[in-house]
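Here's the structure we're looking at; comments come further down.
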Amino acid sequence: MLGSTGLAGVPTALFTAGSSLGAVAIGRLCQRRGRRPGLALGYATGAVGSLGVVVAAAAGSVPLVFVSLVVYGAGTATNLLARYAGADLASPARRGRAVSSVLFATTLGAVVGPNLVDVTGDLAHAWGVPRLAGPFLLATVAFGAAAVALGTLLRPDPLLLARTMAAAGGPGRPAPPPPGPGGETRAGRAPSRALVAGTAVMVLTQLVMIAIMTMTPVHMTAHGHGTQAAGLVIALHVGAMFLPSPLTGRLVDRFGPPRIAVASGLTLLAAGALAALAPPHSVAALAAALVLLGLGWNFGLVSGTTIVTEAAPPETRASTQGMVDVGVAIAGSTGGMASGVVVASGSYAVLAAGGGVLALLLVPPLALAAARPRAVPAEDAMGGRRA
């Protein structure tokens, strides 16, 4: 539609901008009204944006497709924000498993979706719409169904109930910070450090993962591999991103989020090193590197989400989580755009090794945090009732 491959990055930029704006807006709406209206409206926004893209493709309207992609991007922010709803009513001892359950459900869509491109393309063509708009027909139905399901079934609202329980001194209430020398509390500082740590985990893992993943198919095709081989490697990578979620959740609950975040940095370092050293003709070596890359991302997202959820009190939790996901979205966009520049000026090996070293920055501060006892709300420590 744009008539130039040089402009092909513009839609992605608009989509990312919409995702960032959506994360902020949906987070604030959840903060004011609860998860149910916030997430339902977010998915409905995605359905409107998807339908707009289909109409724009049929009409050949570039301005409409640009506007629709911004709206669609805003709706897709709901996908990641939904994982926080899973943790609202979870006790600290099960919070990692709650987050991972939502992420694991993503696996079905991640695997099935790409395989429906041809089917939806044929359907779009039969309706007189360009084939490439077919997946957006599917997105319209999927987002619309998600909006209806959440709007009718997400009762009671988990965030509002968590606030009520916190106000009543229930298990949703975060542990009070330790008193200072004169008996005063340090409420502002400890949560701030935890929020920064959790945000850094998710931002860095997203940056490294997107950068290496984006250029791996390009690297493979440049060395004579076909699209089938590249597709297999990416499929294995996507599987590693989501399939280990139940295990990751248990590890987070068992050993604490900081230790699993450290494991994320080390796993990403191993992934970067293997990708940098892998012979370009070896599909197996590149696949192993991308599997490690997906696993490291999974460790980082589950542990980082848990850290942020534990650090943010229910009164400000949703808006804080929305702002954190803005940073995650920007990191992904930055990684995707910068990866091509790094490979063009250096090589794929330089990109992969650099990504691994960057992820290693997570290890020292998180290793220090992991050495400290994990804070547990008084209700849990005393064996009280759990959400």
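None of the figures in this text is laboratory data; all of them are computed from the coordinates on show. Fair warning: this is a prediction, and the values are worked out from it, not measured in the lab. FYI the Cβ positions are ideal-geometry reconstructions off the backbone, even for glycines, and counts take in every protein chain you see.
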The chain: relative contact order from alpha carbon pairs under 8 Å, six or more residues apart, as a whole percent, is 24
If each Cα of the chain is one equal point scatterer, what is log10 of I(q)/I(0) from the Debye formula at q = 0.07, 0.09, 0.11, 0.13 Å⁻¹? -0.33, -0.55, -0.81, -1.11
Kirkwood hydrodynamic radius, computed over distinct alpha-carbon pairs, for the range 5-167: how many Å, to one decimal? 16.8
Per 5 angstrom bin, beginning at 0 and ending with the bin that holds the maximum distance, the Cα pairs of the range 188-240 fall in percents of 4, 17, 19, 16, 12, 9, 8, 6, 5, 3, 1, 0
For D253, D122, what ranking results if the residue with the fewest other Cβ atoms within 10 Å of its Cβ goes first? D122, D253
Enter the angle in degrees (range 0 to 90, nearest 10) between the Cα long axis of helix 35-59 and the first principal axis of the Cα atoms of the chain, meaning the one along which they spread out most. 10
In 5 Å bins starting at zero, report the fraction of Cα pairs in the range 218-312 per bin as a rounded %. 3, 15, 22, 21, 14, 11, 8, 5, 2, 0
Taking V328, V129 and counting other C-beta atoms within 10 Å, the order from fewest to most: V129, V328
Pairwise over distinct Cα atoms, reciprocal of the mean inverse distance: report the Kirkwood radius of the range 31-81 in Å, one decimal place. 11.2
For the chain, the charge dipole (Cβ of Lys, Arg +1; Cβ of Asp, Glu -1; about the Cα centre) points to a positive end, and the Cα of A276, L161, P258 closest to that extreme belongs to L161
Sort E310, E315 so the one with the fewest other Cβ atoms within 10 Å of its own Cβ comes first. E315, E310
Looking at the range 189-372 from every direction and averaging, what is the projected area of its Cα convex hull in nm²? 10.2
